[in-house]
Amino acid sequence: MHVPMKTSYNEDIRLIRQRGTLVWYALLALALLAAPFYLGEHHLSQLSFVGIYAIAGLGAMLLVGYTGQVSLGQAAFLAIGAYTEAILQKAGVPFAASLVLAGVMAGLTGAILSLSTARLAGIYLAIATLAFAFIVEEVLTRWESLTNGSLGILVKRIQVGGFTFDAEWKFYYLSTGLLVLVLWLMINLLRSRTGRALTAMRDSEISAQSLGIHLARYKAIVLALSGALTGVAGALYAHRIQFITPDQFTIMASVELLVLVVVGGLGSLHGAVFGAVFIVMLPQFIVLLRDAFGISSTYQAGLDAGVYGLLMVLFMLFEPHGIYGRWQKIKLYLDIFPFYRKATFRRQRMFQKSEQLR
Amino acid sequence: MTFASRLKMVALGALLAFSPGFGAKADVQGVSDDEIVIGTLLDLSGPINFWGIPVKNGMELAVDDINAAGGINGRKLRLVVEDMAYDPKKAVLAAQKLLTSDKIFAMVGSMGTVTSAATMPMVLERGLPHLFPITPAEMFAIPYEKLKFAFFSPYYDDVRTSLKYLIAEKGFSRIGVMYQDDEFGANVLQAVKDQLAETGLEPVSVTSYKRGATDFSSQIARLKADNADLVVLGTVVRETVGAMATAKNLGWHPAFLISQAGYAPVTAELGKDAVEGLYAGAMTPIPYPDTASPEVLAWIDSYKAKFGDAPNVQGVVGYIIIQTAAMGMQNAGRDLTPDTLAAGLEQIKDYRNIFGTAPLSFSDGDHLGSRQTFLAQVQNGRWVALTGFMHY
Amino acid sequence: MQGLIEFTQMIISGVATGCIYAIVALGFVLIYKASEIVNFAQGDLMMLGAFLGFSFITLLGMPFYLGLMLALACMALIGALLDRVVLRPMAGQPVFAIVIITIGIGFVIRAVVISVPGWGTETYGIATPYSGGVTTLGGLVISNEHLAIIGATLALVIVLYLFFRFTMLGVAMQATSQNQLAAYYVGVPVKSILSMIWAISAATAALVGILLAPITFVHVNMGFIGLKAFPAAVIGGFGSLPGAVVGGLIIGVVEALAGFYLPEGFKDIAAYVLMLLVLAVRPKGLFAQSVAKKV
Amino acid sequence: MTLFEGRNLDRRFGGIHAVRDVSFAVEEGEIFTIIGPNGAGKSTLFNLISRIYDLGGGSLVYDDRDISRIAPHKVVGLGIARTFQNIELFENSTVLSNLLVGRHSRGGPALWQELLFTSAARQSEIAHRERVEDVIDLLDLQEHRDARVGGLPYGIRKVVELGRALASQPRLILLDEPSSGLNPDETEDMSYWIRDIRSQLGVTVLMIEHDMSLVGMVSDRVLALDHGEVLAIGQPAEIMANPRVIEAYLGG
């Protein structure tokens, strides 16, 4: 490990702090930029989904990973974003505006939700958000004049001016570009006063409050931001799937986003991206596993649920910092080889303490 | 100049040189000299996999039978099955794989309305046929498009047909509805409303439940309070039994009618006394071994031999879908393209299969196989046909 | 008059459904009180219990009550094992970790049920000695299944009350749930107590599963009813056993009435709307003691 | 001049009368210590002042202004910062980041400027950083600047928490048992810092403390509390000699 010499405070708040990292990111950017040349459509479309899921995952990460507010209702924001986009597109609103409005709409809903949940913590909050998601799903089903109820809405492809996003590579660039933009906004937020206030609330609400952080206000802000990001992802999702119904946004979608942030690595932006890759790749991985062991597809159902469940349990038991945490350990191990000690990453109690006494 | 920036230049050059997304195309994707590749998306691991797994078996049996009989115009048929767990996102990804990596010639018998609705545009955009999705929703044939074909009588037609018959023959006048609050239930509700409107009636009571609900007491109580004499259920299996048992427990015994969705032996087995007298519209009779024709018996035996399990109506569905699609390919001749396949399918007129499915016809301008159903009733624990095929 | 009978009828079926929610909620609360773990797999435990009951009673042909007891015993064992193997290492971990791990356990249980030959994704029934009949009372009709549920809930509540009030083990459990450390210092074997609480909770889940079987049948998705028991537990205050029962009954009755008197759709969200309203007024539910963190 | 005054402060929890009719005044520039046996109501008193608990009766006057009803998060903005008995740091953040949260009450750019990290946001970050570096210099925390708080020894975390309170540039600082959990050396350091805070930064100190040697070393005046009531207020030596205080400690 080397400790860089710093000459100004500016260096600590730079986007990318080390030159070495810069090179790697540049290479990654290049690889992503050139992906349509060497990847087939199938893989590109998976990458598009990774982009969508990573944006939604960043929304969840902000809320769960950085602010410690467990949400089991992220699917509701996804749904509001998707429906806003679909309805606005039908009404002829241009994509640039409808995408923003989809985010704003989901964000506003988040802010309104926080009015009733601002005083809640821990499991109460988790269950309140779960309830919220059920209510949103029901409203979407019942408000038939607007949403066409259970029959769903067909969503057309994105059109900007005369340009239609009709090929896989176009959509890929769009979703990846938006992901990069969202990542940049997140980094900015996290290196600012608001971002610090959020992580402060996660670690100790009482002392955050005593330092002047208005808990209710920041909970509203984080729910709004998280909702907005997830809403934008929902809008993209609507275009990607091209057909949305309320029952695509059930608790399973919320759980999936929660798994994404946990498996990816709580409290890390890398984690959200890793988690999205994981969620999109997992089904293929399971098929590989199935074929490798020659398991009949009759047992696919059990296999899916089993792998999913076991991964959740095992990650929580053995790698609570997720894929990103594991990656950091491997990196450190290589960096300081042969001086690695098992206790280097002694397990700490994470983010929250007993919620009965909060 | 750094390595990174040089690499960038190379990439930019490549960007100018090619236009991405346009691979070289064979003449007809998925059709080679000796093989036709078709694909399907089934729910093998999701909430309706009790459909997906037997359908897959039926389909594989059909493919084996066809190939054993020499294939289609000298080509063997190969079926690629992908699981989508009844999840539109997975369906889109799996469809992408079938279309671009397996290079299928046609999508045949994909399952579920939402999932098929999400993937059909991808198939059609590539100029490939989308055949017989396993869902009685009209959108897979209407509005008419050259390459989309549907097999099943829509729920809408099925319910209207049964309802019309029951009102005319049994004299029901106070019709109530209980439907699942999804696209399927909405179709049933619409059918009841439209059929009643013909005679200037309205449903006396309309109530719904959320998919997966297990308690129907307030819904049934409301139907009872509104004094319905025939209750149309937009339900599948468990909800049908649950609703009828609840009514029985309230000491209330109206007549009940369901759509094809609940027409399965398991409904009668689970419900026992509670579902006696239940009416259902149906398109293919359930193959009970003791009353089956010799051809069907032979089929049941070959199914058992292959999968070690007695077939159910889902297995039949998987089988006849592939069979009918293969018929169209046979009619298309050696020069198999999406266009000739469409023309081949359009040659099918009043086709009746060994299972007694409603006669199928396709024509230029009408790609919905059949709108006909017959009315069946649970009597002594099994389904009995009350009528021949009819349409409202 | 007709209106009154309908109303009473709705109350009765609401109470019966509410009892189901109440027992599931009791299962949540027992574990939560003792270990601060919210068991999202409670519904799946219930499903597993029902499948065990189905196997003993329908597949193996045991007498109903024997099969019931055997299923309860098996589930108790499974509950204790879960605590020992999976949850004990998680003590003191944050909420979401517990949420995730219990959701994961739920998935694994589903996977097991789907993969066991003879279980799978089909729907099955359990024949009970009492099913099918109804009791009429004036204009009111109550089915035996509902009576059985109400009766079993009453019995369970009484047994649990006596157990916690009068047995050494019960008192030790209470002590553990109030202050683990203090209980440990005065010699309560906290770890085995926790395992026993899991055992009790899993057994109650099996009880609900088998009680529900004649009404909703046995299938892999029957555990989703657990999602309705959450509002019940929250309204009750999550830390309170009487609260769980009252919360369950409130939810059941409100749902039944909403389904009958309110427009379509309200039945399904009534529980959640009610819960959000309660939380807006009392952020820790109706029966919670207010405990503030000491700083 | 009186900087802070508690008038007839009163608070019950259920049947427990935790603080009853407590009145005292803290002069600007003073080091004022509250002592008392466990359960005397000292922490409750702090929590009343920092508005974590609502007053049952009485009023809080700070800088000639009644602050009995202001929102808890506004207290620090008035210039009243605090530490906690059992350390309430943000365990998963670095020391630097903890101290920067201490600057929260001193304002910052609008949310949209943070999201885009405009030059205004950058300027604000740098300005706060400069203030925080002053605190780091004062408390000798340079070598721990980028360390995660959760991994630091207890004694250092105690100092970090003090620094976090100082970062908000308070006029009055409430220290809840600054020496608890510290070894004698660390306690001595702490006593120097407490005096430095007063002399170099001009901050008035109101603290709760058990360690009588520390109390004697730094306090200007001492308030002894028992069973929620004031036993005595006066010079440290005077209070330690007070028989009622001695009895409360020994008999309590």
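Could you compute the net charge surrounding B:Ala358? Neighbours are other residues with a C-beta less than 13 Å from the C-beta of B:Ala358; K and R count +1, D and E count -1.
On the way: positive: B:Arg352, B:Arg371; negative: B:Asp157, B:Asp158, B:Asp350.
With Lys, Arg at +1 and Asp, Glu at -1, the net is -1.
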_Rg to Rh quotient for chain B, alpha carbon positions, Kirkwood Rh_ = 1.05
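Which order do A:Phe77, A:Phe318, C:Phe230, B:Phe172 fall in if you start with the one that has the fewest other Cβ atoms within 10 Å?
On the way: A:Phe77 39, A:Phe318 10, C:Phe230 30, B:Phe172 18.
Ascending Cβ contact count within 10 Å gives the list A:Phe318, B:Phe172, C:Phe230, A:Phe77.
Antiparallel DSSP bridges in the protein assembly as shown: what percent, to the nearest 5?
Values: 43 of 91 bridges.
Approximately 45 percent, going by the DSSP bridge assignments.
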*Go through region C:170-176 residue by residue and turn each phi into a ³J(HN,Hα) via Karplus (6.51, -1.76, 1.60, θ = phi - 60°); whole Hz please, and just put x for glycine and proline.*
x, 5, 4, 5, 4, 4, 4
*Mind listing the long-range amide H neighbours of B:Tyr179? Cut-off is under 5 Å, sequence gap 5 or more, other chains count too, H placed in the peptide plane at 1.01 Å from N.*
B:Thr207, B:Ser208, B:Tyr209, B:Gly234
*Going down the table (A:Lys219/B:Lys210; B:Lys148/B:Lys193; B:Lys170/B:Lys248), which pairs top 23 Å between alpha carbons?*
A:Lys219/B:Lys210; B:Lys148/B:Lys193
*By its C-alpha gyration tensor, with a ≥ b ≥ c as the square roots of the eigenvalues, how is region B:165-273 shaped: rounded for a/c under 1.5, else prolate for a/b larger than b/c, else oblate?*
rounded
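What ranking of D:Trp112, B:Trp383, A:Trp327 emerges when the number of other C-beta atoms within 10 Å of each C-beta is taken as an exposure proxy, fewest first? Working shown, then result.
On the way: D:Trp112 9, B:Trp383 21, A:Trp327 16.
Ranking D:Trp112, B:Trp383, A:Trp327 by Cβ neighbours within 10 Å, fewest first, gives D:Trp112, A:Trp327, B:Trp383.
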*With the Cα gyration tensor of region A:135-209 giving a ≥ b ≥ c as the square roots of its eigenvalues, does the rule (a/c under 1.5 for rounded; else a/b larger than b/c for prolate; else oblate) give rounded, prolate or oblate?*
oblate
*Per-residue HN-Hα couplings for region B:224-231 [Karplus 6.51, -1.76, 1.60; θ = phi - 60°; Hz; x = Gly/Pro]*: 5, 4, 7, 6, 6, 9, 9, 10
*Highest average packing first - D:232-240, C:179-187, Cβ atoms within 10 Å*: D:232-240, C:179-187
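Quick one: net charge of B:His130's neighbours, Cβ under 13 Å, K/R +1, D/E -1? Working shown, then result.
On the way: positive: B:Arg126, B:Lys146, B:Lys148; negative: B:Glu125, B:Glu145.
That sum, taken over residues with Cβ under 13 Å, equals +1.
Which whole-number value in Å³ per residue fits the convex hull of the alpha carbons of the protein assembly as shown? Intermediate results must be reported in sequence, preceding the final value.
Details: hull volume 257.3 nm³, N = 1297.
Value for the protein assembly as shown: 198 Å³ per residue.
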*In whole Hz, what ³J(HN,Hα) sequence does region B:186-192 give by Karplus (6.51, -1.76, 1.60; θ = phi - 60°), x for Gly and Pro?*
4, 4, 5, 4, 4, 4, 4
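Given contacts defined as C-alpha pairs under 8 Å and at least six residues apart, what's the relative contact order of region C:2-221, whole-number percent? Let's see the in-between values first.
Details: 285 pairs, mean separation 90.6, N = 220.
41 percent.
Quick one: grab the alpha carbon gyration tensor of region A:10-77, order the square roots of its eigenvalues as a ≥ b ≥ c, and give me rounded if a/c is under 1.5, else prolate or oblate depending on whether a/b is larger than b/c. Don't skip to the answer; put the middle values down first.
Values: a/c = 4.40, a/b = 1.12, b/c = 3.92.
Taking the square roots of the gyration eigenvalues as a ≥ b ≥ c, region A:10-77 is oblate.
Partner chain Cβ atoms within 10 Å, averaged over the residues of B:82-92 - can you pull that number for me?
Counting Cβ atoms of other protein chains within 10 Å of each residue's Cβ and averaging gives 5.
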*For the pair C:Met69 and D:Gln142, how long in nm is the line joining their label points, each one 7 Å along Cα→Cβ?*
7.8 nm
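Arranged from highest to lowest average of other beta-carbon atoms within 10 Å per residue, in what order do the peptides B:277-290, D:7-20, A:188-201, B:101-114 appear?
Working: B:277-290: 20.1, D:7-20: 16.3, A:188-201: 22.6, B:101-114: 24.5.
The peptides rank, most packed first, as B:101-114, A:188-201, B:277-290, D:7-20.
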*Quick one, what does Rg over Rh come out to for chain D if you take C-alpha atoms and the Kirkwood Rh?*
0.99
*With label points built 7 Å along Cα→Cβ from the Cα atoms of A:Ala31 and D:Asn242, find their separation and express it in nm.*
7.1 nm
*Would you pull out the residues with amide H under 5 Å of B:Ile258's amide H, same chain only if 5 or more places away, H placed 1.01 Å from N?*
B:Leu233, B:Tyr279, B:Ala280, B:Gly281
*Using modelled backbone amide H atoms (1.01 Å from N, in-plane), which distant-in-sequence or interchain residues come within less than 5 Å of B:Met84's amide H?*
B:Leu42, B:Asp43, B:Leu44, B:Ser45
*Peptide-level mean, for A:133-146, of C-beta atoms on other protein chains within 10 Å*: 4
*Binning every alpha carbon pair distance of region D:51-182 at 10 Å from zero, what are the percents per bin?*
12, 37, 33, 16, 2
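Per the helix-only calculation at 222 nm, which mean residue ellipticity applies to the protein assembly as shown, given -39500 (n - 2.57) for every DSSP H run of n ≥ 4 and division by its residues, nearest 500 deg cm²/dmol? Each step should come with its number before you reach the end.
Working: 46 runs with 708 residues, N = 1297.
Per the formula, -18000 deg cm²/dmol.
In the neighborhood of A:Asn188, defined by Cβ-to-Cβ distances under 12 Å, what is the net charge if each Lys or Arg adds +1 and each Asp or Glu adds -1? Before the final figure, lay out the partial values.
Numbers: positive: A:Arg14, A:Arg191, A:Arg193, D:Arg122; negative: D:Glu114, D:Glu125.
Result for the local shell: +2.
Which whole-number percent is the relative contact order of region B:118-190 (Cα, under 8 Å, 6+ apart)?
Values: 60 pairs, mean separation 16.2, N = 73.
Relative contact order here is 22 percent.
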*Whole-number D in µm²/s for region A:39-345 (Stokes-Einstein; Kirkwood sum over Cα pairs; 4 °C, 1.567 mPa s)*: 64 µm²/s
*Given N residues in region B:183-342, what is Rg(Cα) / (2.2 N^0.38 Å)?*
1.33
*asked:* With an 8 Å Cα cut-off and a minimum separation of 6 or more residues, compute the relative contact order for chain A in percent.
replied: 29 percent
*Compute the separation of the alpha-carbon centres of region A:191-213 and region D:194-221 and state it in Å as a whole number.*
27 Å
_For B:70-81, mean number of other protein chain Cβ atoms within 10 Å_ = 0
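Which three numbers, in whole Å and largest first, are the semi-axes of the equivalent ellipsoid of region C:2-221 derived from its Cα gyration tensor as √(5λ)?
Values: eigenvalues 198, 98, 50 Å².
Values for region C:2-221, descending: 31, 22, 16 Å.
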*Å³ per residue of the Cα convex hull, for region A:1-132?*
203 Å³
*asked:* Rounding to the nearest 10 and keeping the result within 0 to 90°, find how far the Cα-based axis of helix B:237-249 lies from the longest principal axis of chain B.
replied: 10 degrees
*Two-site label geometry, A:Trp143 and D:Trp112: point separation in nm, points 7 Å out along Cα→Cβ*: 2.6 nm
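FYI, it's all coordinate maths here, none of it is from the lab. Remember, it's a predicted structure, so these values are computed and weren't measured experimentally. All Cβ positions, glycine included, derive from the backbone under ideal geometry; neighbour counts span all protein chains shown.
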